[in-house]
1. Between the alpha-carbon centers of region 61-76 and region 340-397, tell me the distance in whole angstrom.
2. So for the pair E83, I64, with labels modelled 7 Å out along Cα→Cβ, what separation do we get in nm?
3. At what distance in nm do the modelled label points of A6 and E407 sit from each other, each positioned 7 Å from its Cα along Cα→Cβ?
4. Work out how far the C-alpha atoms of the chain reach from end to end along every principal axis, then list the three figures in whole Å, largest first.
5. Please state the charge dipole magnitude for region 256-334, taken about the Cα centre, from unit charges on C-beta atoms (+1 on K and R, -1 on D and E), reported in debye and rounded to the nearest 20.
6. Could you tell me which of F383, H21, V196 has its Cα farthest along the dipole of the chain towards the positive end, charges placed at Cβ (Lys, Arg +1; Asp, Glu -1), taken about the Cα centre?
7. Relative contact order for the chain: what percent, with Cα pairs under 8 Å and sequence separation of 6 or more?
8. Determine the calculated [θ] at 222 nm for the chain from helices alone, applying -39500 (n - 2.57) to every DSSP H run no shorter than 4 residues and normalising by the residue count; nearest 500 deg cm²/dmol.
Amino acid sequence: MPEIVALLQSIAPVVSPTVLHQMSQVIYGLLISSGRITMLEISRWTEGGGSYRTVQRWYHSQLIWLQIRWILFASQLWKAGHEYIAAGDEVVFGKAGKETHGVGYFFSGLQQRVIPGLSFFVFSLIDVQERQSYPIQVMQMVKQEGQKTQKDKAKSVREKRSVGRPKGSKNKKDEKPILSPELLRIQPVLEAFLAVLTGMFSISYLVMDGHFGNYPSAWMVVQAGLQFVSKLRWDAALYEPFSGKYRGCGPHPKYGDKVDVRQMKKKHLKNDTVEDGLRTQIYQATLLNKEFTFPINVVVILKTNLATNAQAHVILFSTDLVLPYEKLMDFYSLRFQIEFNFRDAKQYWGLDDFMNVKEVAVTNAANLSFFMVNFSSILLHRFRQINPEFSILDLKSHFRGRRYVSETIKLLPQKPDAILLAEIFEHIARLGMVHPAFEPVSTA
């Protein structure tokens with residue numbers, strides 16, 4: 001408990017003392033609990049001052065989670081000299097009933113179908129050197145019923161328009177696309193995420209999965225001042241820039257030959273390796289797509305089975321035309337680190353379990369789950385200096401064992417001496433660990 005209180009002191013400027021005390025009790029209960037993470041389950045494991053009513057009051061407190069997570073990251077997790085990129089993705093999980101705030105029908109990537117549940121969009125910072133993601137901004141995605149989107153409005157305008165070409169229209173494609181309702185919900189979240197980074201350090205790249213591998217998403221990110229990295233569809237139509245001679249009449253051609261990604265020109269080949277009967281060819285080129293108003297940096301990864309000649313390919317791209325293919329591939333592979341955040345938040349910190357229904361309580365429950373992803377990383381770092389395999393399950397076993405010892409000591413007529421007491425704590429705290437490790441001695 002003392003180490004929890006000490007770590008939480010960094011966020012004291014944005015949280016009241018009462019809420020900070022309540023939060024320390026909630027986190028303590030989270031670290032010990034082995035069951036479903038609900039308010040009742042947390043209150044069963046807290047010490048004095050952590051009753052169910054105390055936990056309930058905390059869940060219904062207004063908290064500025066973006067600043068809380070950012071301060072914790074900046075004070076405890078940020079490492080000077082390391083390179084960071086941003087990643088964004090949506091997490092969807094099922095919820096029954098109709099009373100929970102924001103409940104609706106969302107597409108679940110895990111189940112590959114639309115399910116009734118809740119959706120949260122997360123922006124995280126990824127340490128390129130440590131290859132670890134830290135969620136910073138978490139916002140619930142709520143679909144507004146009956147609200148017309150810009151796409152719907154544009155459609156209604158086209159329906160009312162008279163026959164023929166509108167007066168004053170131009171042949172040039174408008175650079176500003178019509179953002180989908182999903183992107184309209186994400187755009188202010190991205191702006192708030194970038195605003196909190198201002199003054200500390202700047203990032204240059206935002207990575208998102210193939211669902212966002214399109215021009216409106218790229219335009220939104222570029223307008224925010226970042227370079228975009230994502231994946232195109234396997235059948236995306238790509239063209240070489242026109243390099244022929246102008247005929248002297250008509251518009252200047254923009255698009256050259258269409259690119260066959262499985263038979264690209266040798267001048268674009270960057271790497272060619274063979275391993276275990278599988279040939280991997282990596283191509284990089286600046287190409288055009290008719291959906292984009294600007295050229296894009298394309299990397300094609302083509303794999304060929306030398307025994308069967310079967311082929312498969314992936315098309316990655318970036319708006320940064322000078323980004324080397326090694327970095328582009330590495331940045332996109334790092335995007336998956338945010339999926340580990342989602343897994344930990346669901347499996348260990350209650351993102352799937354909470355039973356709150358009111359808006360404030362739902363917001364706090366979800367944001368607490370992602371806060372614990374970062375908070376547990378700080379606690380794990382001490383143990384992993386001794387045992388690199390130390391896991392979240394080991395961490396929870398450690399705190400549960402200490403809780404058992406604490407309650408047992410209270411029943412003894414006389415407390416053991418300090419040395420024996422430390423040995424008891426150390427021995428019991430290691431019970432149930434998958435990867436046992438002695439508690440690190442504080443150097444403070």
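The values are calculated or read from the model by the stated rules, or taken from the named source; none is laboratory data. For clarity, every value in this text was computed on a predicted model and none was experimentally measured. Methodologically, a virtual Cβ is constructed for each residue, glycine included, from the backbone with ideal geometry; neighbour enumeration extends over all protein chains shown. For accessibility, only protein heavy atoms count, side chains too; no ligands or nucleic acids. Shrake-Rupley method; radii C 1.70, N 1.55, O 1.52, S 1.80 Å.
1. When both Cα centres are located, 15 Å separates them.
2. So the label points at E83 and I64 sit 3.3 nm apart.
3. 2.6 nm
4. The Cα atoms of the chain stretch 101, 58, 44 Å along their principal axes.
5. Computed charge dipole of region 256-334: roughly 280 debye.
6. Value computed over the given set: V196.
7. On the way: 667 pairs, mean separation 65.2, N = 444.
So the answer I get is 15 percent.
8. Values: 13 runs with 162 residues, N = 444.
Helices in the chain give a 222 nm mean residue ellipticity of -11500 deg cm²/dmol.
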